[in-house]
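A quick write-up on the structure given underneath.
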Amino acid sequence: MKTKMPEILSFISEEAVNRKMTSEEIAIHFGYDKHHFSRKFKEINGFSVVEFLSSLKVEKAIVEFDEEKRIIDLQEHSGFESSGSFTNTFKKYTGSSPRAYKTEMSDIFYDIKNFENNEKDKSIAHFEEKNHSFCTVTIEVPDGFETGIIFIGLFRTLIPNHMPLSGLATKHLIGNKLKNIPSGDYYLLACAISRSNNVLSYFNLSNSLRGKEDERLSFPNCSGNHYTIMLREPIPEDPPILVNVGKLLISRLKNTI
């Protein structure tokens, strides 16, 4: 199944979500038993089929926020069966209800732009607890990328649908230091947002450059290591980026004032 996984992920992202297929229907489509398919899928990817499907549905709703749809219309169009499951799943993966998220987009946009345009040498860090473990990260970007804000974080899964255990919002490609990393195994992920006057670019990250360290990192064993991440354009099999980076950035920025 491993060799077919890019095809499976692409199918789920481009077809299964739109057709509102269940994990069992996806397994049958590729000729697998449901339980075997679910077990191998999580073993290969580090996240379950259900988690992937739910994350894609939330991303679909975020992408359509700019179309002035009612919440009930967003729920139905993104594939959730009820308003309750939509609200609960959306809040689980973004930290806010759909209605609150929509309001937050406008409320914090100008704070984000002020940070983006601030010429001071400043990065904003987020961490869950005080710790001595750290790592440094260099970011490489494609030619022509106009650097806006780069988000770097350590996450429990390859789907960044929760706050990072240690994260950084920065305008610098080198010298990025993630501090206070708690003991555990994490994935090092990064994404970049070009300078923009569109509020949605800070919330809809489906088209943002992204990259990762291929191997899962174990701390404190990896403390002090340096990593280089090459950012690239998204591809269909990429997991969605759902962490509310705009809200995270502003909440940390206001805590430093």
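Quick look at the values:
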item	result
Test: residue 138 is assigned to a strand (DSSP E or B) and either under 21 Å from the mean Cα position of the chain (by Cα) or of a type in the set (A, V, I, L, M, F, W, C) (or both)	yes
Enumeration of residues in region 97-114 that are over 18 Å from the mean Cα position of the chain (by Cα) and of a type in the set (Lys, Arg)	99, 113
Some residue of region 218-228 being at pLDDT 95 or above, exposed (fewer than 14 other Cβ atoms within 10 Å of the Cβ), over 16 Å from the mean Cα position of the chain (by Cα) and under 29 Å from residue 41 (Cβ atoms)	yes
Answer residue from region 141-164, given it is in contact with a Pro (Cβ under 6 Å, 6 or more places away or on another chain) and in a loop (DSSP other than H, G, I, E, B) and is nearest to residue 54 (Cα to Cα) among those	159
In region 1-54, the residues that are farther than 18 Å from residue 242 by Cβ and among the polar types (S, T, N, Q)	3, 10, 18, 22, 23, 38
Answer from 109, 155 - the residue that is within 24 Å of residue 59 (Cβ to Cβ), touching a Phe, Trp or Tyr at 6+ places or on another chain (Cβ under 8 Å) and modelled with pLDDT of 90 or more	155
Within region 210-249, tally of residues that are out of contact with any helix residue (DSSP H, G or I) (no Cβ under 9 Å at 6 or more places or on another chain), part of a loop (DSSP other than H, G, I, E, B) and over 16 Å from residue 176 (Cα atoms)	7
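Here is a yes/no grid of residues against (1) touching a residue at least 60 places away in the same chain (Cβ under 8 Å); (2) within 23 Å of residue 160 (Cα to Cα):
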position	(1), (2)
12	no, yes
31	no, no
35	no, no
38	no, yes
51	yes, yes
55	yes, yes
69	no, no
84	no, yes
88	no, yes
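The values are calculated or read from the model by the stated rules, or taken from the named source; none is laboratory data. Just so you know, these numbers come straight off a predicted model, no measurement behind them. Please note: Cβ atoms are built from the backbone with ideal geometry, for glycine as well, and neighbour counts cover all protein chains shown.
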